[in-house]
Amino acid sequence: MDFFPLYLTVKVSLVSTVITVAVGCAVSLALARKVFPGKGVLDALVMQPLVIPPTVLGYYLLVAFGRSTGFGRFLGDTLGIELVFTWKGAVVAAVISSLPLFIQPARAAFEGVGADVENAARLLGRTEWQVLRTITFPLAWRGLLAGAVMSFARATGEFGATLMVAGNIPGRTQTLPIAIYDAVQSGDAQSANVLVAIITVFSFAVIYITGRFVRGGR
Amino acid sequence: MLELSLKKAFDGFSIDVGLSLGPELLVLFGPSGAGKSLLMKLVSGILRPDEGSVSIDSRVIFDSASGVDLPMRQRRIGFVFQDYALFSHMTVRDNIAYGAHGLSAPEARESVAVLVTLMRLGGLEARYPHELSGGQRQRVALARTLAARPRILLLDEPFSALDYQVREKLRADLLAIHELFPITTILVTHDLEEAFMLGTRVAVINNGRLEQVGGREDVFYRPATRNVARFIGMRNIFNGVVDGVDGGTIIMHNPDIGIVTAFAPPDARVRPGARVSFCIRPEEVIVVRPDRALGHMAMENVVEGVITSALAKGSTHILFLRVGASETLLKVEVPNFVRRKLALASGAATRVLLKKESIWVIP
């Protein structure tokens, strides 16, 4: 029994959740607070992964990061970041597909804080960063946590886009969902059952515990 | 001291206001949608004016000409929001202390303690906003604002969400606090009674423009425009054409009411033929007893009419008197005993007197 896929999935999901939360907070704050040209386009764009088939998404990423584009060559040759057929590629696939799941609750949470409360803090002499730290985030944290958990869960289950970008290299890029698919294909029912059981228990526990935490905080 | 002159245009609405305040409490009074809250947002920096300038104690905080636009945090403006905008994740103590930042810890504690006592919040320091009554929340909001030692105070309909009794108490509190901290204050309200009670000076705003700025007595008894007369509860507002001006007396006529004599408004030039408005408060209209001959004192401004309806209003009655050929109604407020004695009921022909000194003429 090879537990590398479990290890890789946890690693990819953790890293991708950190990136998703950071990028997602910036995007959802902008969507909730600012009026700027192209806002509608940005909104539609970050929501695309909800409706686009993961394989299509993966194909876009494969083409964008591959050696056939200037951007891909710039990433590889200048920055030394190889995304195609590496675990980092799996992270990018997970980030892109889980972003909308973070942005939706985060945006609603930021909108729920209300402009008056933030303006009150500004008028009491606080800088933008202080307002975010002492008012906006503390008031929005439930929504942000809910979004982060959903993103994490989405990242652990990511299959299509990951397969396209990172491939299925045992011991290098084979994540849990891909290993399950592999096990079923090769008739290894025992491995499939164990991995399915792990991911089921894990997913249920994460959602259940967070749900209690988010609701029962007050 | 606050000097402001601001303009901003939106789709279908524009505001253009200039005001100058000393260390006083000015009431900004007007109907909803007049631009009251909008003006507060423009002064505080929540919204950016198209052009104009704002200065507090001679310090320019906004000036479109020279490009000055201080961020909200540097303006030193105390703002109490209509719904208080308390920080729901902080206790009463932390809310107030949030305003007291920049002080050393012992100074901040001292400042919070003083404000807690002043605002009668003792014992509530560890509560959260959702555990407070409306009046308590309002006091926390004011305490938090005062903790930041603002140069001016903007109060946006601070009492509108409260019960009548609570409101009365808090208005008295506010006046006491203003005596204690004589900070330049603008209080926004659409409540006539509140405006009268709190404003030593009153600015009347309508449709984004100031209609009149003056002392309480001026605005309430000598409205400068027909709109102001309407907002302050003048009910009998009629059109008149000037027939002549003789010294301080003006003679006008209205097709339904007839010839009306009144005192001319001070420093207004009205010429014969000019169109004016004149008004009289319902409680100042005098009903003349039909069995008495009119003395020469009462020869002016006698109006005949028929009562179309009578409404009980506590200790008085409101009578609507149809005068003249058209549908012009004169509203008359009489004490109940007068109505009984003179049998003033619907359908009764009635003679009233509009005393010269009770009529206010608007050029």
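The values are calculated or read from the model by the stated rules, or taken from the named source; none is laboratory data. Every value quoted in this text rests on a predicted model; they were computed, and no experiment measured them. We place every Cβ from the backbone using ideal geometry, glycine too, and count neighbours over all the protein chains shown.
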A careful count of residues in the stretch A:65-117 that are among the hydroxyl-bearing types (Ser, Thr, Tyr), in a helix (DSSP H, G or I) and more than 16 Å from residue A:23 (Cα to Cα) gives 1
| message | Any residue that is closer than 30 Å to residue A:141 by Cα and among the hydrophobic types (A, V, I, L, M, F, W, C) - is there at least one of those in the stretch A:177-195? | response | no
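Let's see how each residue does on (1) closer than 18 Å to residue A:105 by Cβ; (2) touching a residue at least 40 places away in the same chain (Cβ under 8 Å); (3) surrounded by fewer than 18 Cβ atoms within 10 Å (Cβ to Cβ); (4) among the aliphatic types (A, V, I, L, M):
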| residue | (1), (2), (3), (4) |
| --- | --- |
| A:8 | no, yes, no, yes |
| A:20 | yes, yes, no, no |
| A:32 | yes, yes, no, yes |
| A:52 | no, no, yes, yes |
| A:71 | no, no, yes, no |
| A:83 | no, yes, no, yes |
The lone condition residue A:179 fails out of (1) touching a Pro at 6+ places or on another chain (Cβ under 7 Å); (2) of a type in the set (A, V, I, L, M); (3) at pLDDT below 90 is (3)
* Does the stretch B:159-181 contain any residue that is in the same structural domain as residue B:17 (by TED's automatic domain parsing), buried (at least 21 other Cβ atoms within 10 Å of the Cβ) and within 20 Å of residue B:42 (Cβ to Cβ)? -> no
Within the stretch A:133-166, restricting to residues that are farther than 21 Å from residue A:9 by Cβ and among the β-branched types (Val, Ile, Thr), the one that is farthest from the other protein chains (Cβ to nearest Cβ) is A:136
Picked from the stretch B:57-83 (must be within 11 Å of another protein chain (Cβ to nearest Cβ) and of a type in the set (D, E, K, R)), the residue surrounded by the most Cβ atoms within 10 Å (Cβ to Cβ) is B:75
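Okay, residues lined up against (1) closer than 26 Å to residue B:32 by Cα; (2) in contact with an Asp or Glu (Cβ under 7 Å, 6 or more places away or on another chain); (3) modelled with pLDDT of 90 or more:
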residue	(1), (2), (3)
B:116	no, yes, yes
B:122	no, no, yes
B:132	no, no, yes
B:146	no, no, yes
B:165	yes, no, no
B:180	no, no, no
B:211	yes, no, yes
Inside the stretch B:1-32, the number of residues satisfying the requirement of being in a loop (DSSP other than H, G, I, E, B), touching a residue at least 60 places away in the same chain (Cβ under 8 Å), out of contact with any Phe, Trp or Tyr (no Cβ under 8 Å at 6 or more places or on another chain) and not acidic (Asp, Glu) is 4
Just one listed residue, out of B:112, B:140, is among the hydrophobic types (A, V, I, L, M, F, W, C) and closer than 27 Å to residue B:191 by Cβ, and it is B:140
Note on residue A:193: of the conditions (1) out of contact with any helix residue (DSSP H, G or I) (no Cβ under 8 Å at 6 or more places or on another chain); (2) modelled with pLDDT under 90; (3) not aliphatic (A, V, I, L, M), unmet is (2)
Of (1) part of a loop (DSSP other than H, G, I, E, B); (2) among the basic types (Lys, Arg); (3) at pLDDT 85 or above, residue B:322 satisfies every one except (1)
Reported set for the stretch B:229-272 where residues are in a loop (DSSP other than H, G, I, E, B) and of a type in the set (A, V, I, L, M, F, W, C) is B:232, B:234, B:257, B:264, B:268, B:270
task: Determine whether the stretch A:148-160 contains at least one residue that is in contact (Cβ under 8 Å) with a residue 60 or more places away in the chain, touching a Gly at 6+ places or on another chain (Cβ under 9 Å), of a type in the set (A, V, I, L, M) and assigned to a helix (DSSP H, G or I).
output: yes
| said: Condition (residue is surrounded by fewer than 22 Cβ atoms within 10 Å (Cβ to Cβ), of a type outside the set (D, E, K, R), at pLDDT below 90 and out of contact with any Cys (no Cβ under 9 Å at 6 or more places or on another chain)) applied to the stretch A:101-114: is it met by at least one residue? | reply: yes
